[in-house]
1. State whether the residues of segment 96-104 include one that is surrounded by 14 or more Cβ atoms within 10 Å (Cβ to Cβ), in a strand (DSSP E or B) and either modelled with pLDDT of 95 or more or β-branched (Val, Ile, Thr) (or both).
2. Could you please let me know if GLN61 is more than 13 Å from PHE6 (Cβ to Cβ), polar (S, T, N, Q), touching a His at 6+ places or on another chain (Cβ under 7 Å) and at pLDDT 95 or above?
3. Mind listing whichever residues of segment 116-130 are in a loop (DSSP other than H, G, I, E, B) and modelled with pLDDT of 95 or more?
4. Kindly evaluate GLU2 against the criterion of being among the charged types (D, E, K, R), surrounded by fewer than 14 Cβ atoms within 10 Å (Cβ to Cβ), within 20 Å of GLN63 (Cα to Cα) and out of contact with any strand residue (DSSP E or B) (no Cβ under 6 Å at 6 or more places or on another chain).
5. From the residues in segment 33-61 that are surrounded by fewer than 15 Cβ atoms within 10 Å (Cβ to Cβ) and part of a loop (DSSP other than H, G, I, E, B), which one is nearest to the chain's Cα centre (by Cα)?
6. Within segment 9-32, track down each residue that is modelled with pLDDT under 95, under 15 Å from VAL58 (Cα atoms) and either surrounded by 14 or more Cβ atoms within 10 Å (Cβ to Cβ) or touching a strand residue (DSSP E or B) at 6+ places or on another chain (Cβ under 6 Å) (or both).
7. Under 9 Å by Cβ, and 6 or more places apart or on different chains, what pairs join a residue from segment 6-18 that is part of a strand (DSSP E or B) with one that is loosely packed, with under 14 Cβ neighbours inside 10 Å?
Amino acid sequence: MEIKIFCPLWGHEHLDIALFCRKIKAAGYDGIDTWLPEDSGERKQLLDAVESEELLLVSHQHQAKGETFDEFKSSFERYLELSSEGRPLLINSHTGKDYFSLDQNLELIDVASAFRARKGITVAHETHRGRVGFSPFVMRDYFKARPQMPITAVLSH
């Protein structure tokens with residue numbers, strides 16, 4: 001097994017991204033853990049800094065939104081595409097909503113699986129409040145339905 005250590009951008013947003021990447025590279029980190037900005041210029045700056053420092057990337061999809069399930073699903077697909085820029089090792093996703101039905105959330109998990117098959121990038125579903133993985137008791141049903149579903153287990157919340 002090979003262990004890689006990533007530094008989150010979260011909490012360091014006040015730093016210039018190129019400086020941040022230089023600092024974490026010098027500190028011995030293997031990569032950066034962050035979301036990709038929606039602004040194309042900011043996104044290019046981030047991806048250029050990651051490439052310049054030869055850092056790995058774990059990208060986040062947390063922005064999906066919508067008033068209806070179909071709007072959310074469409075937004076989810078769009079943000080998975082955005083999150084795939086820079087060829088991240090994986091996408092950590094705040095998938096679904098805790099108030100979506102099991103079938104609706106499974107549909108989103110299937111969207112992520114199809115995305116992985118098409119792009120070759122794993123989408124791991126974070127155990128996060130308000131999302132698919134909001135409760136270990138509820139997750140049991142998802143694992144029964146999709147036993148190979150990758151997760152990011154966040155034990156702090």
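1. no
2. Details: more than 13 Å from PHE6 (Cβ to Cβ): yes; polar (S, T, N, Q): yes; touching a His at 6+ places or on another chain (Cβ under 7 Å): yes; at pLDDT 95 or above: yes.
Yes.
3. Initial filter on segment 116-130 (in a loop (DSSP other than H, G, I, E, B)): 120-121, 127-130.
Within segment 116-130, GLY120, ILE121 qualify.
4. On the way: among the charged types (D, E, K, R): yes; surrounded by fewer than 14 Cβ atoms within 10 Å (Cβ to Cβ): yes; within 20 Å of GLN63 (Cα to Cα): no; out of contact with any strand residue (DSSP E or B) (no Cβ under 6 Å at 6 or more places or on another chain): yes.
So GLU2 does not fit the description; no.
5. GLU38
6. Result: LEU9, single match.
7. Matching pairs, first to second residue: CYS7/ALA27.
Residue by residue, here is whether (1) in contact with a Cys (Cβ under 8 Å, 6 or more places away or on another chain); (2) without any contact (Cβ under 8 Å) to a residue 24 or more places away in the chain; (3) under 28 Å from VAL50 (Cβ atoms); (4) of a type in the set (Ser, Thr, Tyr) holds:
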site: LYS65; (1), (2), (3), (4): no, yes, yes, no
site: LYS73; (1), (2), (3), (4): no, no, no, no
site: ARG78; (1), (2), (3), (4): no, yes, yes, no
site: LYS97; (1), (2), (3), (4): no, no, no, no
site: ASP103; (1), (2), (3), (4): no, yes, no, no
site: ARG129; (1), (2), (3), (4): no, no, no, no
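The values are calculated or read from the model by the stated rules, or taken from the named source; none is laboratory data. Computed from a prediction, not measured in an experiment: that's the story for all the values here. FYI the Cβ positions are ideal-geometry reconstructions off the backbone, even for glycines, and counts take in every protein chain you see.
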